[in-house]
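Peer 1: Before we start, here is the structure in question, set down as structure tokens.
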Amino acid sequence: MLLHLLPAITLASAAFEASNFGFEWQQRLSSLGLEENNVTSGGCEAACAYLSDHLPIPDIQPDSETAYWKEKSFFWSAQQAAISPKCFVQPLSAEDVAAVVVLAQQTQCKFAVKSGGHAAFAGASNIQDGITIDLQYLDEITVSEDQTVTRLGPGNRWTDVYSHLVPLGLSVVGGRDSEIGVGGLTLGGGISWYSSRYGWALDGVRSYELVTASGQVLEVNLESYPDLYWALRGGGNNFGIVTRFDLETFPQGGMWGGSMITGPDTLDQVLDAFHDFAYTSTGDVDAFSFSAFCWFQEHKMFIASSTLVYARPVESPAIFENYTKIESMHSTLKMRDMVDMSAEISSSSPNGLRESYWTATFRISREMLQVIVDIWKEEIEPIKEVEGLIPALVYQPMTSDVTSRFAKNGGNCLGIKESEGPLLNINYSVMWKNEEDDEAVLHAARQTIKRSVEKSKELGLDHRYIYQNYAWHEQDVFAGYGEENRERLREISKKYDPEQVFQKLQPGYFKL
Ligand SMILES: Cc1cc2nc3c(=O)[nH]c(=O)nc-3n(C[C@H](O)[C@H](O)[C@H](O)COP(=O)(O)OP(=O)(O)OC[C@H]3O[C@@H](n4cnc5c(N)ncnc54)[C@H](O)[C@@H]3O)c2cc1C
């Protein structure tokens, strides 16, 4: 009898108590044959063998070499692709996901969950010798009849979503890079071209279908489970596996946008333009921009790449004048749609390289913008010749328009008030080729963040927030949400996951 192995459910929520947990599970376990086959231990070896021999859920075992290696190559970073799980499993439904979550607990096999596989560090969405749950077949895209909500499976990448919605004249708040997964981006935040208008992707989720640790499939929204709904909007992979996101949907036509690359003598002008934009764009909710400072190894020079998007079909809008007056070496600015725009963003981030992402948040001043660039330049000096090095320091504004949307639907759990905007979000992103250079490359990134934060404290411009989707595993993301929010998230996690399955059996990514 396996039921005794399932976590004890002692939950306060009336709706949760009222559910038919036991009945569902008796049925599910016997339909899976788990009881008769007595799969109660044996770790991942037993779990993967059972998946392969008894469950009608697609799986990939290491002995099917081509499929196994192909599956590994779908991770974005080389560090994640280097990890070899005992097996991959590819559920076809929320019930399949629930079965795998229960099987993992029966066998005490650790697992990881993959949507688009773009988290950079090892173990974020793949797990050595465990089960990697690949959600790629949960690929529903359904627009409601009144066209106000789109149901999305986490197996979609944003290219799938926009390719479906653009011909309908619709969009959702989602990723800017076509290859990113719906799952990771939406659970951690989701900075979009539409964020000034509607907030981050997480602010646009009306409802989640969630598989909990006990294997229940819950419909989570503001009415059904308000605490869990709050926690999922920023809580990452800590509360369960989301098998469907219902996103607010809006009419969207064409846009104007692209990137302009400017030379080493323009960095000051770009910083000026960024600074002005962060303040003056407030109120113009269709404008969004970010600027990346890069070391161009081949030509031994620093360049800036500013990406500007106006989410209406308006050619070269005045709001971007401070950028567009800068002489550019190359520009892709033009009228286009979201499919085209997101494909362009993706083209500079191929799979298969060593990757690292770091982040920090600051209050904006022109001096602070300069200080961070100067520190970044100093820190990459010793690694400039590392093979295949592409370091970028990306500045993104979190304008007051953006922070004002964080209060939508009862508020998200990021811990940022409207009055705190505009803020500066930095993303230190670096690609390189060889493992032997890891230490030097990571040291430079770590130092850049550490020194920038120290300097911001001296200037009174520090901010505690650490954006989950851009953070390196050494960074304490949930401390950045504020102690009160972190404590509340821990309580909600214990309420819906009393055995702490998603903290212990799923060790990857940012834990509470
Ligand atoms: C090239 C590039 C461009 C980017 N552009 C943007 C951008 O425009 N805006 C932005 O905000 N961020 C952006 N990011 C950051 C991106 O949002 C994060 O890397 C995000 O985690 C990737 O999501 P994914 O589903 O592809 O990754 P994955 O590695 O599959 O997942 C990331 C984490 O989320 C968990 N997870 C995924 N799906 C689920 C689910 N359904 N249920 C439970 N847990 C789940 C995984 O277990 C993992 O821990 C970008 C990153 C890269 C590399």
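Peer 1: With the checklist (1) open to solvent by 10 Å² or more (accessible area, probe 1.4 Å); (2) under 26 Å from Ile380 (Cα atoms) in hand, flag the one item Leu271 doesn't pass.
Peer 2: Among (1) open to solvent by 10 Å² or more (accessible area, probe 1.4 Å); (2) under 26 Å from Ile380 (Cα atoms), Leu271 violates only (1).
Peer 1: So, one more: Among the helices (runs of 4 or more DSSP H) lying completely within segment 17-118, list those that include at least 1 residues that are at pLDDT 95 or above.
Peer 2: In segment 17-118, 43-54, 65-73, 78-81, 94-107 are the helices (runs of 4 or more DSSP H) which contain 1 or more residues that are at pLDDT 95 or above.
Peer 1: Okay, next question. Suppose the filter is within 16 Å of the ligand (Cβ to nearest atom), over 30 Å from Leu103 (Cβ atoms) and open to solvent by 30 Å² or more (accessible area, probe 1.4 Å); does Glu474 pass it?
Peer 2: yes
Peer 1: Quick one: in segment 111-147, which of the residues that are within 17 Å of the chain's Cα centre (by Cα) and on the phi > 0 side of the Ramachandran plot is nearest to the ligand (Cβ to nearest atom)?
Peer 2: Going through the qualifying residues, I end up with Gly117.
Peer 1: Let me ask something additional. Is there a residue in segment 128-143 that is touching a helix residue (DSSP H, G or I) at 6+ places or on another chain (Cβ under 6 Å), assigned to a strand (DSSP E or B), open to solvent by 10 Å² or more (accessible area, probe 1.4 Å) and over 21 Å from Phe502 (Cβ atoms)?
Peer 2: Checked against the condition, which is being touching a helix residue (DSSP H, G or I) at 6+ places or on another chain (Cβ under 6 Å), assigned to a strand (DSSP E or B), open to solvent by 10 Å² or more (accessible area, probe 1.4 Å) and over 21 Å from Phe502 (Cβ atoms), segment 128-143 yields at least one hit.
Peer 1: So in segment 166-190, with the set limited to residues that are surrounded by fewer than 24 Cβ atoms within 10 Å (Cβ to Cβ) and among the aliphatic types (A, V, I, L, M), which one is farthest from the ligand (Cβ to nearest atom)?
Peer 2: The qualifying residue farthest from the ligand (Cβ to nearest atom) is Leu168.
Peer 1: Only one residue in Ile390, Ile416 is more than 21 Å from the chain's Cα centre (by Cα), within 15 Å of the ligand (Cβ to nearest atom) and not assigned by TED's automatic domain parsing to the domain that holds Ile191. Which one? Walk me through how you get there before you give the answer.
Peer 2: Values: Ile416 fails: more than 21 Å from the chain's Cα centre (by Cα).
That would be Ile390, the only listed residue that is more than 21 Å from the chain's Cα centre (by Cα), within 15 Å of the ligand (Cβ to nearest atom) and not assigned by TED's automatic domain parsing to the domain that holds Ile191.
Peer 1: Looking at segment 191-214 only, could you name the residues that are near the ligand (Cβ under 10 Å from one of its atoms) and either modelled with pLDDT under 95 or over 19 Å from Leu138 (Cβ atoms) (or both)?
Peer 2: Those that are near the ligand (Cβ under 10 Å from one of its atoms) and either modelled with pLDDT under 95 or over 19 Å from Leu138 (Cβ atoms) (or both): Ile191, Ser192, Trp193, Ser195, Trp200.
Peer 1: A further question follows. Quick one: count up the residues across segment 305-349 that are assigned to a loop (DSSP other than H, G, I, E, B), in contact with a strand residue (DSSP E or B) (Cβ under 9 Å, 6 or more places away or on another chain) and within 12 Å of the ligand (Cβ to nearest atom).
Peer 2: Final tally of qualifying residues: 2.
Peer 1: Looking only at segment 435-455, filter to residues that are within 25 Å of the chain's Cα centre (by Cα) and under 16 Å from Leu353 (Cβ atoms); which one of those is surrounded by the most Cβ atoms within 10 Å (Cβ to Cβ)?
Peer 2: The residue in question is Ala445.
Peer 1: Working carefully through the options Gly153, Gly188, find the one that is modelled with pLDDT of 95 or more and touching a Gly at 6+ places or on another chain (Cβ under 6 Å).
Peer 2: Of Gly153, Gly188, the one residue that is modelled with pLDDT of 95 or more and touching a Gly at 6+ places or on another chain (Cβ under 6 Å) is Gly188.
Peer 1: Write out, first by first residue and then by second, each pair whose Cβ atoms fall under 6 Å of each other, whose residues are 6+ apart or on separate chains, and whose first residue, in segment 370-393, is touching a residue at least 24 places away in the same chain (Cβ under 8 Å) while the second is outside any helix (DSSP H, G or I) and open to solvent by 30 Å² or more (accessible area, probe 1.4 Å).
Peer 2: Glu387/Lys433; Glu387/Asn434; Gly388/Lys433; Leu389/Gln297
The values are calculated or read from the model by the stated rules, or taken from the named source; none is laboratory data. What you see is a predicted model, and the numbers here were worked out from it, not measured in a lab. In this analysis, Cβ positions are derived from the backbone assuming ideal geometry, glycine residues included, and neighbour counts consider all displayed protein chains. Heavy atoms of the whole protein, side chains included, go into the accessibility calculation; ligands, DNA and RNA do not. Shrake-Rupley method; radii C 1.70, N 1.55, O 1.52, S 1.80 Å.
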